[in-house]
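Asker: Quick one: the structure is below, questions incoming.
Since every read-out is calculated from the coordinates, none of them should be taken as a lab result. Please read these numbers as outputs of a predicted model, since none were measured by experiment. Backbone-built Cβ (ideal geometry, glycine too); neighbour counts: all protein chains shown.
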Amino acid sequence: MPLLTDRLQNSYGLEFREVDYRLPSGAALLSGLNLKIARGETLILLGRSGSGKTTTLKLVNRLLEPTAGEILVAGRSNGSWDPIELRRKIGYVIQDAGLFPHWTVERNVGLVPTLEGWPAEKIRARTQEVLSLVGLSPSQFAGRRSSELSGGQRQRVGVARALAADPPILLMDEPFGALDPVTRAGLQKEFRALAMRLQKTIVFVTHDVREALFLGTRIALLETGRLVGIYAPADFLKAREPEARAFAASLETDGGHEEAR
Amino acid sequence: MNWYEFLLRNPHEVFARTLEHIGLVGASMAIALAIGLPVGVALVRRAALRRWVLGAANIVQTIPSLALFGFLIPVPWIGGVGASTAIVALSLYALLPILQNTCTGIMEVDPAVVESARGMGMTPRQVLWQVQMPLAAPVMIAGIRVATVISIGVTTIAAAIGAGGLGVFIFRGVAMVNNQVILAGAIPAAFLAIAADLALGFLGRSIARR
């Protein structure tokens, strides 16, 4: 709906206010999260597995509901948006892309525009536009199935699909996590350029410090459901918090490790 | 007299019994599908209930078919001697593979695909009809195929309670101690089963290719 888009364009992107997320068993996956994300920035959620990164991300598009606190999207509590409408305004990219294997690339990419009832001609034009944007030739890839794509191409289609309806916010959950190092480096570079060009508000989950430093305008470090700190990439390696130092240290040993793989 | 001579000499009765047989299988499969598909879909998200329902369907499956036909005869409304009792019993037999494969098929759809469907803003109904069902279809059709083949076999026993079908020849042959008459019922029933299996297999493959 135009209303939501206007609001998103006229205010900052996202805010978490005292957000808790507990499982029904009582285990806290996220506690007391306060976080403001500016419009047009790429905020990295960095942490080990189980630190609450993915939980944080899913709270934004209401795949999960907070047990306490609220998340503001465009200055308004996201609980007051209709979840379906909200999700169509927020691009979502996950590891392995989650493309529909029974649909062609073109149909996958056109998913949200189709759900939103765009005319067929406009969907086709937009699909071709975003496929070119992520570096895939529409004439070559539009008719393929996801089984006919490499991991890197699948991830590109995933990004194209998320961008198709031109959402002001993008959520990305380790989108390049399953790729080989060479493909990943290439996609990271292209994605950084794309992010700068498109000026979307991006929340990007990763456990890879290198990726965090390369892509983030800021890095929010999480440890067992709590926010350790928010850092500019330049400051992250100088941070004194033990968890930040642990990640910085992993960077030093990572070089040999990466080559061994 | 050979079994095929029997078939050639009694074309009208063979034709009528075959139609009866197909009618019994068709009616019971229609009922089993009408119940099994929606219940199977509903059970996907209810793990506790699913165990109970599948367990119950499993127990039904273990009741010898002749006993099940017998049990149903005294039941009011559905019971009695004849086709309606047989159709109820046959539907109960067909239920398990349909329920089971509907549940399994949907649950085995890649969770990443379902999550991205939800995350992109598909309604639960759209996720079910546009993503889960088409991807589960081959497994669901495999269940329907198993149920149909079982049903064609079990239907031969329905003749014992007066429901008709190709089983009539089998029971007549048993009473006459005449193997050729038994074969005159058994062989066409086997051909029906093979034909149904091939047809549903073809349907399954063409859906998977789509």
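Asker: Which value in deg cm²/dmol, rounded to the nearest 500, describes the helix-derived mean residue ellipticity at 222 nm for chain B, given -39,500 (n - 2.57) per DSSP H run of n ≥ 4 and division by the residue count? Walk me through the numbers before you get to the answer.
Answerer: On the way: 9 runs with 162 residues, N = 210.
Rounded to the nearest 500, it is -26000 deg cm²/dmol.
Asker: Taking each residue of A:99-111 in turn, how many C-beta atoms of other protein chains fall within 10 Å of its C-beta, and what is the average?
Answerer: Average per residue, whole number: 3.
Asker: Starting from the amide H of A:Val228, placed 1.01 Å from N in the peptide plane, find each other amide H under 5 Å away whose residue is 5 or more places distant or on another chain.
Answerer: A:Leu221, A:Leu222, A:Glu223
Asker: Here's a follow-up. For the stretch A:35-174, report the convex hull volume of the alpha-carbon atoms normalised per residue, in Å³, without decimals.
Answerer: It comes to 127 Å³ per residue, whole-number rounded.
Asker: Along the charge dipole of chain B, Cβ charges K/R +1 and D/E -1, which of B:Ala42, B:Ala94, B:Ile31 sits furthest on the positive end?
Answerer: Going by the Cα projections, it comes out as B:Ala42.
Asker: Projected onto the charge dipole of the protein assembly as shown (+1 at Lys/Arg Cβ, -1 at Asp/Glu Cβ, origin at the Cα centre), which of A:Gly47, A:Ala164, B:Gly80 gives the Cα projection farthest towards the positive end?
Answerer: Value computed over the given set: A:Ala164.
Asker: What number does the stretch B:101-178 give for Rg over Rh if you use C-alpha atoms and the Kirkwood radius?
Answerer: Checking Rg against Rh, the ratio lands at 1.38.
Asker: Report the per residue volume, in Å³, of the convex hull enclosing the C-alpha atoms of the stretch A:90-166.
Answerer: With only Cα atoms used, the stretch A:90-166 gives 78 Å³ per residue.
Asker: What Kirkwood radius, in Å to one decimal, follows from the Cα pairs of the protein assembly as shown?
Answerer: Result for the protein assembly as shown, one decimal place: 26.1 Å.
Asker: Could you bin all the Cα-Cα distances of the stretch A:141-261 into 10 Å bins starting at 0 and give me the percent of pairs in each, rounded to whole numbers?
Answerer: With a bin width of 10 Å, the distribution comes to 11, 39, 34, 13, 2, 0.
Asker: Right, here's the next one. Which of A:Ala68, A:Ala234, A:Ala244 moves most in a GNM of chain A, Cα contacts under 10 Å?
Answerer: Highest fluctuation among the options: A:Ala234.
Asker: Further, regarding this structure: Largest first and in whole Å, what are the equivalent-ellipsoid semi-axes of chain B based on the Cα gyration tensor, each being the root of 5 times an eigenvalue?
Answerer: 38, 20, 12
Asker: Which of the trypsin sites (Lys or Arg not before Pro) across the stretch A:164-250 are loop residues per DSSP, with 16 or fewer other Cβ within 10 Å?
Answerer: Working: sites: A:Arg184, A:Lys189, A:Arg192, A:Arg197, A:Lys200, A:Arg210, A:Arg218, A:Arg226, A:Lys238, A:Arg240, A:Arg245; in loops: A:Lys200, A:Lys238, A:Arg240.
Here the trypsin sites (Lys or Arg not before Pro) that fit, given the DSSP loop and packing criteria, are A:Lys238, A:Arg240.
Asker: Hand me the chymotrypsin sites (Phe, Trp or Tyr not before Pro) from the stretch B:32-86 located in a DSSP loop with no more than 12 other Cβ atoms within 10 Å, in residue order please.
Answerer: Counting only loop positions with at most 12 other Cβ atoms within 10 Å, the chymotrypsin sites (Phe, Trp or Tyr not before Pro) in the stretch B:32-86 are B:Trp77.
Asker: Which residue fluctuates most in the GNM of chain A (Cα springs below 10 Å): A:Leu63, A:Leu111, A:Leu170?
Answerer: Greatest mean-square fluctuation among the candidates belongs to A:Leu63.
Asker: What list of ³J(HN,Hα) couplings, whole Hz, do you get for the stretch A:114-127 from phi and the Karplus terms 6.51, -1.76, 1.60, once you set θ to phi - 60° and write x for glycine and proline?
Answerer: Residue by residue, the stretch A:114-127 yields 5, 4, 7, x, 5, x, 3, 4, 5, 5, 4, 4, 5, 4 Hz.
Asker: Binning at 5 Å from 0, report for chain A what percent of all alpha-carbon pair distances ends up in each bin.
Answerer: All Cα pairs, binned at 5 Å, distribute as 1, 6, 13, 17, 18, 17, 13, 9, 4, 1, 0 percent.
Asker: In addition: Mind listing the phi-derived Karplus ³J(HN,Hα) values for the stretch B:56-66, rounded to whole Hz, using 6.51, -1.76 and 1.60 with θ = phi - 60°, and x for any glycine or proline?
Answerer: Karplus-based 3J(HN,Hα) across the stretch B:56-66 equals 5, 5, 5, 5, 3, 4, 7, 6, x, 4, 4 Hz.
Asker: Also, quick follow-up: With contacts defined as alpha carbon pairs under 8 Å and 6 or more residues apart, what's the relative contact order of chain A in percent? Don't skip to the answer; put the middle values down first.
Answerer: Working: 470 pairs, mean separation 67.2, N = 261.
Answer for chain A is 26 percent.
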